[in-house]
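The values are calculated or read from the model by the stated rules, or taken from the named source; none is laboratory data. A quick note: this is a predicted structure, and the numbers were derived from the prediction, not measured. Here the Cβ positions follow ideal geometry from the backbone for every residue, glycine too, while neighbour counts run over all protein chains shown.
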Protein chains: 2
Amino acid sequence: MKKIKLFDTTLRDGSQVAGVSFSVEDKLKIARALDAFGIHYIEGGWPGSNPKDEQFFKKARTLNLRNSKIVAFGSTRYKGHRAQSDPNLLAIVKSKVSAACIFGKSWNLHVEHALRTSKDENLKMIADSVAFLKSEGLEVLYDAEHFFDGFKNDPDYALATLAAAKSGGADSLNLCETNGGMLPSDIMETVRRVRENFPGVELGIHAHNDSGCAAANSIVAVQEGCSIVQGTINGIGERCGNANLCTIIPALQLKLGYDCVPEKKMQGLTELARYVSEIANLVPEDRQPYVGSNAFAHKAGVHVSAIARDSATYEHIKPEQVGNVRRVLVSELSGRSNISHKARELKIDLEKDPESAHKIIALVKKSEEKGYQYEDADGSFFLLTKKALGEYRPFFLLKAFRVSVEKDEKGRMVSEATIKLNIKGKEVHTVAEGDGPVNALDNCLRKALEKFFPEIGEVALSDFKVRVINAGASTAAKVRVLIESRDSSSVWGTIGVSENIIEASWQALVDAVEYKLIKNK
Amino acid sequence: MKKIKLFDTTLRDGSQVAGVSFSVEDKLKIARALDAFGIHYIEGGWPGSNPKDEQFFKKARTLNLRNSKIVAFGSTRYKGHRAQSDPNLLAIVKSKVSAACIFGKSWNLHVEHALRTSKDENLKMIADSVAFLKSEGLEVLYDAEHFFDGFKNDPDYALATLAAAKSGGADSLNLCETNGGMLPSDIMETVRRVRENFPGVELGIHAHNDSGCAAANSIVAVQEGCSIVQGTINGIGERCGNANLCTIIPALQLKLGYDCVPEKKMQGLTELARYVSEIANLVPEDRQPYVGSNAFAHKAGVHVSAIARDSATYEHIKPEQVGNVRRVLVSELSGRSNISHKARELKIDLEKDPESAHKIIALVKKSEEKGYQYEDADGSFFLLTKKALGEYRPFFLLKAFRVSVEKDEKGRMVSEATIKLNIKGKEVHTVAEGDGPVNALDNCLRKALEKFFPEIGEVALSDFKVRVINAGASTAAKVRVLIESRDSSSVWGTIGVSENIIEASWQALVDAVEYKLIKNK
């Protein structure tokens, strides 16, 4: 089993993504998680470029990492500078890391247009800079920026830049596909040529996803002889993102037999992906390969019944291998096996009770005809099964509600809701305002219930979605409202459908609250 | 230049994605857009499986498509059935399409576990079914489900299933990577073997994205000899999605020199991608290759200045080639050519008037920051340009409105709106009920205006969409309302944004009416 070294650049290249800005504390948290998972190199930042990155390197020394080396990023020396006095290189040395990753130019176009120097001077810049960092006792990974474009344009010169890095003592030559537009056939051919020219030298790949092929390109590069893979968690990065380590690691290890991380660690992949999303404050991508919440979600009934017999029929790996779970979506396309499976997740065993299963299927079908959909509404589905089984008792009775929205002569908007409930035999009448009619209704319902059921205070509404079902009917169309709620231990979805958005929201709000109350009993 | 046939299955396989449910009207709209872009085959659905798909095929006959053939999907006949009396196959014939795509089993595991029949019977089922549809005069594309898994397991049998389809007269053999877990090296080897075994036969590829390699796998398959590519717009589909045509088409045509669509059509790719997202009510993926709003977005200052000198330094293609635009994130200023283009559509020439163009761009930018988006709201965009040019005069002034929704003790819902307007110097106070608060408001506004502007009676609201923008803020989140209106001669979209859905709807309703009044002047 050939060993692969994983090089994570979430904290450096990944932080270039639109909308993400990591604090030093965020960076330290992510570094800890990467170390725990078994990443070999963590590129922490560019110490010469900003004070935040300098801070990070200072604090990172106290992390006591077990598996990872912290790497400082930088460029080759400026033209005309001596490496020994180049501020960028000195900043790397000052950061006291044991490994550095420095990039140099491989492409004529950049040497001329960006560096504005000669091809020879560029080669010297590369060799000098690597040699200086080696003389300071660092491991040096050389990043050949734009290597593949450079190789297309002038293969001899591109190879000469690698030779310069090697002559300076670089520990590895990392081929960067900086513009991200290459296809697997380009990568295969180019890496093969580099491999032939540098036998015995450790090679790495750094890919971007502009052609949608970053993972494939990285995998192909490994098959052609690269043993270092650079990428980010969830593929975050500028433009279309960097190569996604969450996609590459399981492919290399579970499918191609390379050794990336200890087998047990692989089960932490999904958690790692979600943790990084959380810290970056990015909504996790549901359909992300391996680690997305839909990666093993099945909708078509024929798939579900086949999977019940043998999961390999419609799953390329077992979700547990990467710490993910199978989900069965209950939908218009679903048959009985979807519903049984979903019920099992909610700890209701319908296999043993075919009569109840029938009742539930009938109820689901009827609801679906009205526009309900339970794929994302496990809370409402749970209540539906309880109702079908005759196990449901309401916690409160609605007597009436009223919502009003006014825009007054000064253009001010006021939204107010009043609700009259019967709770434990008592009539409770509350009023509340909100940022809109649904928010007012939500506030008003909570106000009524919290006195009787203080646990309602633990529930936070974390998502709210509205979809018009029969859009053609225009403003008289039916709307479907989906609400996601969470407390400290779980997340549940609830649904409401009506021609009236207020009524639909009301249904979803009531289900959200009732699910919580049943769950806590 | 080798010709590639594009086979879109957004309406069939794509509709398997969690949370998406297309109406018949949605499907017809998407079919029209696919045809306009130049897609060769549009797989519309599975006529045997549900009444919605049957409806679609009926209505699709009236579409008068120029470039696309509508294809009906189905499976090979049931075991034990005669093809001539198989309900699934008959449903395809009844749908009156000129092309059918039917799938059969290639993998032992499925023949035994899912079909529960013998390997020989499976071969007969394939040959019979294809032959029957051919005898009915249809073009038959044969989809070899799980072909790559089947080939790994038992190459001879997998090839035998293809031979069966060919013996039945199939026009093409489409190799399906159903579980989506294959890597480019698997695809290359397998397609090469099939190519050798079936010289001269048209081959296709159908990939899924569970390994994150669907686009790469499709491209590799074409390089190995497939000339039909099956996929979906934006890669929507079950689990991790189908192969994304928006990623594959530009790679094949712009990078590898294949002929997919006429050169000019390629510039409509970004618009097509966003249109389908809009109809599916899915948030467009910002970092989607080629068509995402971040695909050509640059954050790093060094990149931006290099790009100013030569865009090839950090861009793999020119964004205009696919109808996208470069964005520079620091200034957030973008889309000038977009705006000029959009204005031209509305017969406003901004090229000649750079000062007005500046004003409009500034106004658009300000609105976009608040959550407005004008891609699908040409009516609101038109009014915005009129406002920027100082050419807008209101037809009426709102003094106040009030909307109330009540659920009474008997569970009856009543929605009522009152509006106070000043029209041509007169105060007009109206009240109306509706099926929900927005419908009540719509009815009430029309009631007020129709006396003064009888042409309002010609306007029908034909679509209504709601999207939550900052979902994390839950029921206090901002919502974006899009309304589509039409009269006998045209269709226009209008938009409103607010934390209050009633206020957002009001804005869109007012724009819809004002656009009509200006248009008719």
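For segment A:35-46, check the following and say yes or no: at least one residue is surrounded by fewer than 19 Cβ atoms within 10 Å (Cβ to Cβ), out of contact with any Asp or Glu (no Cβ under 6 Å at 6 or more places or on another chain) and part of a loop (DSSP other than H, G, I, E, B). Show your work before the answer.
Residues of segment A:35-46 that are surrounded by fewer than 19 Cβ atoms within 10 Å (Cβ to Cβ), as a first pass: A:36.
Next, from what is left, pick out any that are out of contact with any Asp or Glu (no Cβ under 6 Å at 6 or more places or on another chain): A:36.
Narrowing further to those that are part of a loop (DSSP other than H, G, I, E, B): none.
There is no residue in segment A:35-46 that is surrounded by fewer than 19 Cβ atoms within 10 Å (Cβ to Cβ), out of contact with any Asp or Glu (no Cβ under 6 Å at 6 or more places or on another chain) and part of a loop (DSSP other than H, G, I, E, B).
Return only the number of the condition from (1) surrounded by fewer than 24 Cβ atoms within 10 Å (Cβ to Cβ); (2) part of a loop (DSSP other than H, G, I, E, B); (3) not polar (S, T, N, Q) that A:D186 does not satisfy.
Tallying (1) surrounded by fewer than 24 Cβ atoms within 10 Å (Cβ to Cβ); (2) part of a loop (DSSP other than H, G, I, E, B); (3) not polar (S, T, N, Q), A:D186 fails exactly one: (2).
Starting from residues that are over 17 Å from A:K5 (Cβ atoms) and of a type in the set (A, V, I, L, M, F, W, C), keep the ones in segment A:199-214 and report whichever is nearest to the other protein chains (Cβ to nearest Cβ). Give the steps one after another, and end with the answer.
Residues of segment A:199-214 that are over 17 Å from A:K5 (Cβ atoms), as a first pass: A:199, A:208-214.
The next check asks that each one be of a type in the set (A, V, I, L, M, F, W, C); those that pass are A:213-214.
Values: A:C213: 4, A:A214: 8 Å.
Restricting to residues being over 17 Å from A:K5 (Cβ atoms) and of a type in the set (A, V, I, L, M, F, W, C), the top hit is A:C213.
Could you list, in sequence order, all residues of segment A:47-63 that are in a helix (DSSP H, G or I) and surrounded by 18 or more Cβ atoms within 10 Å (Cβ to Cβ)?
A:D53, A:E54, A:F56, A:F57, A:A60
Kindly check whether there is at least one residue in segment A:476-493 that is touching a Ser or Thr at 6+ places or on another chain (Cβ under 9 Å), part of a helix (DSSP H, G or I) and among the polar types (S, T, N, Q).
Looking for residues that are touching a Ser or Thr at 6+ places or on another chain (Cβ under 9 Å), part of a helix (DSSP H, G or I) and among the polar types (S, T, N, Q), one finds none in segment A:476-493, hence no.
I'd like to check which helices (runs of 4 or more DSSP H) are fully inside segment B:196-292 and have at least 3 residues that are aliphatic (A, V, I, L, M). Working first, answer last.
Numbers: elements: B:214-223, B:245-250, B:263-266, B:269-280.
Because the criterion is at least 3 residues that are aliphatic (A, V, I, L, M), the helices (runs of 4 or more DSSP H) in segment B:196-292 that meet it are B:214-223, B:245-250, B:269-280.
Test A:V304 against the criterion of being of a type outside the set (D, E, K, R) and in contact (Cβ under 8 Å) with a residue 40 or more places away in the chain, and give yes or no. Walk me through it before giving the result.
On the way: of a type outside the set (D, E, K, R): yes; in contact (Cβ under 8 Å) with a residue 40 or more places away in the chain: no.
The answer is no for A:V304.
Within segment A:366-386, take every residue that is assigned to a helix (DSSP H, G or I) and of a type in the set (S, T, N, Q) and give me the one that is farthest from A:F296 (Cα to Cα). Walk me through how you get there before you give the answer.
To start, the set of residues in segment A:366-386 that are assigned to a helix (DSSP H, G or I) comprises A:366-370, A:378-386.
Narrowing further to those that are of a type in the set (S, T, N, Q): A:367, A:380, A:385.
Working: A:S367: 25, A:S380: 22, A:T385: 24 Å.
Per the stated criteria, the residue is A:S367.
Taking B:V261 as the residue in question, decide whether it is more than 11 Å from chain A (Cβ to nearest Cβ), of a type in the set (A, V, I, L, M, F, W, C) and more than 25 Å from A:M188 (Cα to Cα).
Details: more than 11 Å from chain A (Cβ to nearest Cβ): yes; of a type in the set (A, V, I, L, M, F, W, C): yes; more than 25 Å from A:M188 (Cα to Cα): yes.
Against the criterion (more than 11 Å from chain A (Cβ to nearest Cβ), of a type in the set (A, V, I, L, M, F, W, C) and more than 25 Å from A:M188 (Cα to Cα)), B:V261 qualifies.
Can you tell which of A:G38, A:G45, A:G14 is free of Cβ contacts under 8 Å to residues at least 40 places away in the same chain and among the small types (G, A, S)? Step through it out loud before you land on a result.
Working: A:G38 fails: free of Cβ contacts under 8 Å to residues at least 40 places away in the same chain; A:G14 fails: free of Cβ contacts under 8 Å to residues at least 40 places away in the same chain.
From the options A:G38, A:G45, A:G14, the qualifying one is A:G45.
Spot the failing condition for A:V304; the list is (1) surrounded by fewer than 22 Cβ atoms within 10 Å (Cβ to Cβ); (2) over 30 Å from A:A144 (Cβ atoms), and only one is missed.
(1)
Tell me, which residue of segment A:346-390 that is among the basic types (K, R) and within 24 Å of A:N520 (Cβ to Cβ) is surrounded by the fewest Cβ atoms within 10 Å (Cβ to Cβ)? Before you say what the answer is, go through the steps one by one.
Step one: filter segment A:346-390 for residues among the basic types (K, R), giving A:347, A:352, A:359, A:365-366, A:370, A:386-387.
Add one more test, that the residue is within 24 Å of A:N520 (Cβ to Cβ), and what stays is A:347, A:386-387.
Values: A:K347: 7, A:K386: 18, A:K387: 13.
Per the criteria, the residue is A:K347.
A quick yes/no check of all residues on (1) at positive phi; (2) assigned to a helix (DSSP H, G or I); (3) within 14 Å of chain B (Cβ to nearest Cβ):
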residue	(1), (2), (3)
A:L109	no, yes, yes
A:I126	no, yes, no
A:L133	no, yes, no
A:G137	yes, no, no
A:A144	no, no, no
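How about segment B:13-29: which of its residues are crowded, with 23+ Cβ neighbours inside 10 Å and modelled with pLDDT of 90 or more?
Those that are crowded, with 23+ Cβ neighbours inside 10 Å and modelled with pLDDT of 90 or more: B:D13, B:G14, B:K27.
Since A:C213 meets every condition but one in (1) closer than 21 Å to A:Q253 by Cβ; (2) in contact with a strand residue (DSSP E or B) (Cβ under 7 Å, 6 or more places away or on another chain), which condition does it not meet?
Failing condition for A:C213: (2).
Can B:V468 be described as within 7 Å of chain A (Cβ to nearest Cβ), touching a Lys or Arg at 6+ places or on another chain (Cβ under 9 Å) and closer than 25 Å to A:S415 by Cβ?
Values: within 7 Å of chain A (Cβ to nearest Cβ): yes; touching a Lys or Arg at 6+ places or on another chain (Cβ under 9 Å): yes; closer than 25 Å to A:S415 by Cβ: yes.
When the stated conditions are applied, B:V468 passes them.
Check segment A:440-459 and report whether any residue there is part of a strand (DSSP E or B), at the interface with chain B (Cβ under 7 Å from one of its Cβ atoms) and crowded, with 17+ Cβ neighbours inside 10 Å. So that I can check it myself, show each step before the final result.
First, the residues of segment A:440-459 that are part of a strand (DSSP E or B): none.
No; the residues of segment A:440-459 include none that is part of a strand (DSSP E or B), at the interface with chain B (Cβ under 7 Å from one of its Cβ atoms) and crowded, with 17+ Cβ neighbours inside 10 Å.
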